[in-house]
Amino acid sequence: MRSRRLLGLLATLLMVACGGPGASTPQLSALKNTVQVTFWHALSGNLSAELTKLTDQFNSSQSTVHVNLVAKGAYTDLNKAILTGLAANQPPDLAQCIETDAAKYNSSKALADLTPYINAADGLSGSDLKDIFPVMLNAAKIKGTYYQFPFNKSTTVIYYNQDMFTAKGISSPPATWDDFFADAAKLADSSKGVTGAEGPSIDTFLSMLYEYGGHLYDNDSNPGKTTVNSDAGVKAMTLWYNAIKAGSVKPIPAGNFADQTDFQNQKTAMYISTQVSYQFIVKPIGTKFKFAETAFPAGDKGTKDEMFGANLCAFNKSAKDVQHGAFLYIKYLTSVDSTSAWAQTTSYMPVRQSAYKTLSDGFYTQNPNQGVGPSMLSKGGLIVLPATPTSNEQRDALSTEIGNIAALRKDPKTGLSDAATKMNDILATG
């Protein structure tokens, strides 16, 4: 009898040790083997330079993991390169991943679960994880699992020409969309070829959709159909439609960053873009005119500003040690010191709450424009749009119809209804 009890106890201990039913997963040991990590990214200019600087510092700080950077052009180029790599069974070890792209990759189980590395002996402590903004951590999860980790996150702001505002007697930037379109009407001057603003982009529309009480889908966690053609969506697009008809704003011109160029050349008084655009306009503008940033305008339901930027994803094709090494690099990039330096140099938001507090007491006080976008973190106005494996195809369909409305080829109700039909077909067929 004693022998049977002993055997039963040993069997139970063995089950627990091996992670049997009801057992927690054993913690990974610290990485010991030397690994090389290939990291594909889509950063350029100051952003690429700072990433290179941080990567060199990481590589020099230890001898276990060496990260090799590979620039892949813009985000669309990066996404195409990753899809091509996945098709050839040759993805990178690590890459920047926008949520909509990550949903596509994960539909074929291409992404590595980062949870074991987060919880590893050389991973993140509980206090470290709590220090990262919850809105960013939640956006990095796919169906509750860490298939991504936040890195370069941003949101939308309004850049405005202070000299033009002063000349027209406008004492403060727009706080609401009613203010925005009223100001645009005052600022537009056809004799000088100046319009109030250009838009809307798809993401400006989507944020406004939420600000007027709408949603992208009928169910965020399990989308059955899109609701972009709701009353809220029609109201948001009607504001733009009427202003375009009146000539106070105009559609975004064709060409890369054409709206940015128009603002730099004083062809528009306001420019809607992410806070990171500051890095690309400050030098071309120079001393030509004074400009500043203000928060994304509010709708009937307040401010609902979409969070942009990318997360970091490791790929399942890589060996477990390489995945582990990739996360150690992620850990370094998102440390307090690194995310603080990153935010100051690139204009992205810091991912750490402690870093944001320190920056708010110093850098953002001294550089108020740089603090406008990150201030959404403390105001609770950020939203994260749900992503599906066909999000990019749905976005293309919606963008086409927004373009038709902006070009006055369709009225808002017709255009958004056509967009919804196309998006729902894509959603249904996968």
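The values are calculated or read from the model by the stated rules, or taken from the named source; none is laboratory data. Computed from a predicted structure; not experimentally measured. So basically every Cβ, Gly included, is an ideal-geometry build from the backbone, and we count neighbours across all protein chains shown. Calculation scope for accessible area: heavy atoms of the full protein, side chains included, ligands and nucleic acids excluded. Shrake-Rupley method; radii C 1.70, N 1.55, O 1.52, S 1.80 Å.
Figures for the structure shown
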| read-out | value |
| --- | --- |
| Debye, to nearest 20: dipole size of region 113-248, +1 on Lys, Arg Cβ, -1 on Asp, Glu Cβ | 240 debye |
| Local electrostatic count at residue 323 - Lys and Arg +1, Asp and Glu -1, tallied over other residues with Cβ under 12 Å | -1 |
| Between 0 and 90°, nearest 10: helix 177-187 axis offset from the chain longest Cα axis | 40 degrees |
| Accessible area of residue 324 in the full protein assembly, 1.4 Å probe (Å², nearest 10) | 10 Å² |
| With DNA, RNA and ligands ignored, accessible area of residue 376 (1.4 Å probe; Å², nearest 10) | 10 Å² |
| Whole-percent carbon and sulfur share, accessible surface of the chain, 1.4 Å | 51 percent |
| Extension gain (nm, one decimal) between residue 238 and residue 408, 0.36 nm per residue minus Cα-Cα | 60.1 nm |
| Net charge, residue 373 excluded, C-beta distance under 13 Å - Lys, Arg +1, Asp, Glu -1 | -1 |
| Alpha-carbon centroids, region 298-320 and region 338-368: separation in whole Å | 19 Å |
| Counting DSSP beta bridges with both ends in the chain, the antiparallel % (nearest 5) | 65 percent |
| Loop sites in region 286-366: trypsin sites (Lys or Arg not before Pro), DSSP, at most 16 other Cβ within 10 Å | 288, 290, 301, 317 |
| Net lengthening on full extension, residue 80/residue 191 (0.36 nm per residue, minus Cα-Cα) | 35.6 nm |
| Alpha carbon convex hull of the chain, projected area averaged over orientations, nm² | 24.7 nm² |
| The chain: angle of helix 45-61 to the longest principal axis, Cα-based, in degrees nearest 10 | 20 degrees |
| Rel. contact order, % - alpha carbon contacts under 8 angstrom, at least six apart, region 103-218 | 12 percent |
| Neighbour net charge for residue 282 - beta-carbon separation under 13 angstrom, K R +1, D E -1 | +2 |
| Within the chain: Cβ-based charge dipole about Cα centre, in debye rounded to nearest 20 (Lys, Arg +1; Asp, Glu -1) | 860 debye |
| Solvent-accessible area of residue 277 with every protein chain in place, 1.4 Å probe, in Å² to the nearest 10 | 10 Å² |
| Region 291-430: relative contact order as a whole-number percent, Cα under 8 Å and 6+ apart | 22 percent |
| Residue-normalised accessible area of the chain, expressed per residue, 1.4 Å probe, Å² | 45 Å² |
